[in-house]
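Since every read-out is calculated from the coordinates, none of them should be taken as a lab result. These numbers come from a predicted model, not from an experiment. When we count neighbours, we look across all protein chains shown, and the Cβ atoms used for this are built from the backbone with ideal geometry, even at glycine.
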Amino acid sequence: MVQLEVFLQTLISGILLGGLYAVIGLGMTLIMGVMKIINLAHGELMMVAMYIAFWLFSLLGVDPYVSLLVTIPALFVLGVVIQRTLISPVLKVDSILPENQVILTVGIGMILANLATMFFSSDYRSTPVSYAADAWYLSDYWRSSPIELSLSVPWTVSFGFALAITAALWGFLQHTDTGKAIRATAQDKDAALMMGINVERMTMVTFGLGAALVGAAGSLFIPMYYLYPALGGKFTLIAFVITILGGLGSTQGAIIGGIILGIFESMTATYIGMGWAPVGRFVIFVACLVFLPRGVAGLMKRS
Amino acid sequence: MALLEVVGATKVFGGLTAVDDVTFSVEPGTIGALIGPNGAGKTTLFNLINGFLPLTSGEVRFKGERIDGLRPHKVCARGLARTFQVVKPLQRMSVLDNVIASSFLRFPDRADAVRHAREILAFTNLSAVAGEISKGLPLGFRKRLEIARALATQPDLLLLDEACAGLNPTELDESIEIIRRIKDKGITILIIEHHMKVIMSISDHIVVLNYGAKIAEGTPTEVAGNPAVVEAYLGKGE
Amino acid sequence: MAQSSWFRNYKVAACVLVALAAAPLVPVLNSSYMLHVLILMLMWSVIGMSWNLLSGYCGQVSFGHAAFFGLGAYTAGILYLHGGVSGWWGLPASVIVVGLGSLVIGYICLRLRGPYFALGTLAMGEVLRVTAENMEWLTEGTMGIMIEKRTWVAKEPFYYIVLALAVGTFVIMELLVRSKWGYYFVAIREDQDAAESLGIDTTRYKTIALVISGVLTGLVGAFYTNYMGFIDPEVVFALHDISIITIMVVMVGGVATRWGPFAGALIMIVLSELIRAMPKIGTAHQTLFGVLLIVIIIYLPNGVMGDFRKVFRLVRRGAAPARAGGE
């Protein structure tokens, strides 16, 4: 019984974590799908959003969930600026290695992480929200429950926001003109151009949206996570694993990929050991590249 | 015995049958042609023959041995070379270096490879641009470079994918002349072409594809008089 | 005849070699610090040349050269720690270990193309780092491995060893680039499908490029263990400080150029030493490197050596501002 309890509790934590991962992965996959570029500064953008949320909380007492109203637009603007001033010029440069743009985003990430260290020091920061340790217990609602399970309040609230954001993104892509134009650009850039879609503008909006999504993830993670300037790299890698796992450019895939990774990491931490969670992440990554090159989305298409 | 035999070749992408049970053969020393409207599955068929794509079902035999399932470089080593419809020159290499890179297949020694590459360039009227970087060349030259590179691997069978598309009349005549010379060297050719002038003037045997399936084959005169072919090209008379 | 043309081709190389070999004899250069800087420069030149082979010539951009460096470094470290022999045995041993490791990494990553290959190699470096951190029985984990007794106190022997390594790598590169393999590597970079259809076994030649590149980088790793006397996973499997710096060295110097890795290593090492010497800017060194990287990518995409004329023109324009404006 205890074993079942541990398993279910691990599964629940995994799903909650996975929901947040999905938001990070969605931003990455959107950028990859439309622009065909890999953004290695993705985690650093999230780190920037987390600092915004952190300072809003520490200086003004703004609740992290309210800070979404700031981080989302702020990161959107940052994304647009990066795309316009740096990425767009590089896409036009002719060079031996087309991977230049990937290396460029590495440079951007290095600068963001370093600036954060200079301005905010490399100290670990946390936002001690009042509800940090609160949880809902199954036994409170179902007295005779044979097992005891709990839902952490901040994790669950963040998960709820993640769902809402995902739904909003889906609605945007499906039902607005800009959303449709973005999807068209992702499918076939040349055709979109011929249909009169302003592809240049769409790539800008896409990069902005991708940054805004990971910015939102920053606000959602900050109640539970320590913040330090170097944390970006870890989340960039997570974003990748999700994207590869889900299938490049696939939004549904990113959601499923996020959840799978969340559950897998949670399981590794419980059953193998905390230190091995990153290894598990890479094992999934490599296994995907080798056995499932088109990700979960490819698998769904095949059947 | 036929040099190339394609037996019941079928390729399905998702739910779409791109090549549908196609059977034909190419006799040694001849020029065969694959024609058909856009999207008829001609280039896909080439990709199946040279091993870029796996067959869904069917067989490809070359010199009597099965070559389906082999990787493209193995197919090439057995003497079956191809060109690409969308030319793929090694952009930052000179024309000569492009051809040297494929000469190495038969001439492992560098000096021999260079000598052979120069011969091929002379044969394809490219000597004048040997030192040019291939990226900036006009299309006519790039199309011929594509042929030169394939020839440098000393094939017995050469697959030409629209080697004449987009050429001006002078370049066209030059390319037809080169294709004839290749045939005279004893190299068998299978060509995809839209240009009816080219097809009718050089080919010995024509295979017509439409929607992935073979709808006719025969000599140029036979094919030109075939009502199914006329219909495929011009649509149903209304 | 052949002799003299050989000499003409390699006059620059011969001059550089003589200058480098004589460097420790020059009093100004013969300080422990200057030799250390030169050793670092030569180490990065070798890593840069080997990256250049795989990524610059063969077009398979690696974001994980730390994997090879770290494997080499740990081969030497583990031999010393558990085998009880001199860390220098790590050099020959690393050829085998890193060679086999490269085959495995190649098997996994080389089926991927372009940016996905880059990510695959990046993951390899990280997997090895985390593995080294967790396999404490073998690697001492995050504690690292310390070689208590360094072979020499003076820097000269280390300098000549790494110089020999650099010269050897340079010669290997020259021979390779002009051979059939060199042509095949560049053909694969320019168009993999065309190369494959022209009879080039792309998988095989990509693997060859990767193994040579990996082994040479691994040798530097093994040398590093002996030279520095201390390694830990964070240092030798570092994503930024090894893998990314490797890319920067070659990009700054010039991708797919003979002297690019040397020029890049020189510029990068001098820059980082200068930055370190200035305490106020020192903390911003990542920012400065990042800015440098971005500027190079946008304005000198072929590096200092590849865009030699462009650099020259910029310098001249700076000297004669009256003529600015015209291109």
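Tabulated data for the structure shown
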| quantity | calculated |
| --- | --- |
| Three-way shape call for the protein assembly as shown based on the alpha-carbon gyration tensor, with the a/c threshold at 1.5 | oblate |
| Amide H within-cut-off set for B:Asp68, under 5 Å, with H built and near neighbours excluded | B:Val60 |
| Peptide B:60-73 - average C-beta neighbours from other chains (10 Å radius) | 2 |
| Net charge of neighbours whose Cβ lies under 15 Å from the Cβ of C:Leu175, counting Lys and Arg as +1 and Asp and Glu as -1 | +2 |
| Using θ = phi - 60° and Karplus 6.51 cos²θ - 1.76 cosθ + 1.60, couplings along region A:19-36 (whole Hz; Gly, Pro as x) | x, 5, 4, 4, 5, 4, x, 4, x, 5, 5, 4, 4, 5, x, 7, 9, 6 |
| Amide H contacts of B:Leu34 (H built 1.01 Å from N, under 5 Å, at least 5 apart or other chain) | B:Ile191, B:Ile192, B:Glu193, B:Val207 |
| Chain A: angle of helix A:199-221 to the longest principal axis, Cα-based, in degrees nearest 10 | 20 degrees |
| DSSP-assigned coil residues among GluC sites (Glu not before Pro) in region C:59-155, each with at most 14 further Cβ atoms within 10 Å | C:Glu148 |
| Estimated dipole of chain C in Debye, rounded to 20 [Cβ of Lys and Arg +1, of Asp and Glu -1, Cα centre] | 1200 debye |
| Span-like helix ranges in chain B, DSSP H, alpha carbon extent 15 angstrom or more, Kyte mean at least -0.5 | B:110-123, B:139-151 |
| Value of relative contact order over region A:2-231, rounded to a whole percent, pairs C-alpha under 8 Å and six or more apart | 43 percent |
| ³J(HN,Hα), Karplus 6.51/-1.76/1.60, whole Hz, each residue of region A:162-167, x for Gly, Pro | 4, 4, 4, 5, 4, 4 |
| Alpha-carbon centroid distance for the pair region A:264-286 / region C:21-76, whole angstrom | 34 Å |
| Estimated distance in nm for a label pair at C:Arg276 and C:Leu81, the labels positioned 7 Å out from Cα along Cα-to-Cβ | 2.4 nm |
| Residues A:Ser88, A:Ser250, A:Ser121, sorted so that the one with the fewest Cβ neighbours within 10 Å comes first | A:Ser121, A:Ser88, A:Ser250 |
| Cβ-derived FRET efficiency at R0 56 Å, B:Tyr233 paired with A:Val70, nearest 0.05 | 0.30 |
| Mean-position separation - Cα centroids, region A:136-155 and region A:1-37, in angstrom | 22 Å |
| Long-range HN-HN contacts of B:Leu159 with modeled amide H, under 5 Å | B:Ala81, B:Arg82, B:Thr83, B:Leu190 |
| Global geometry of chain C, whether rounded, prolate or oblate, following the gyration tensor of its Cα atoms and the 1.5 cut on a/c | rounded |
| Residue-span extension gain [C:Val153 to C:Ala19] - 0.36 nm each, minus C-alpha spacing | 45.9 nm |
| Principal-axis tilt of helix A:231-246 within chain A, Cα atoms, nearest 10 degrees | 80 degrees |
| Simple label model, 7 Å out from Cα along Cβ direction - B:Thr170 to A:Ser126, nm | 8.0 nm |
| The protein assembly as shown - charge dipole about Cα centre, Lys and Arg +1 at Cβ, Asp and Glu -1, debye rounded to 20 | 1800 debye |
| Most to least packed among A:283-292, A:268-277 [average Cβ atoms within 10 Å] | A:283-292, A:268-277 |
| On Cα atoms only, tilt of A:42-60 relative to the major axis of chain A in degrees | 60 degrees |
| Global form of region B:65-141, assessed from the alpha-carbon gyration tensor, a/c cut-off 1.5 | oblate |
| 3J(HN,Hα) from dihedral phi, region C:201-209, Karplus parametrisation 6.51/-1.76/1.60, rounded to Hz, x for glycine, proline | 6, 4, 4, 5, 6, 5, 5, 4, 4 |
| Chain lengthening between B:Ile133 and B:Leu16 when straightened (0.36 nm per residue, less Cα-Cα) | 38.1 nm |
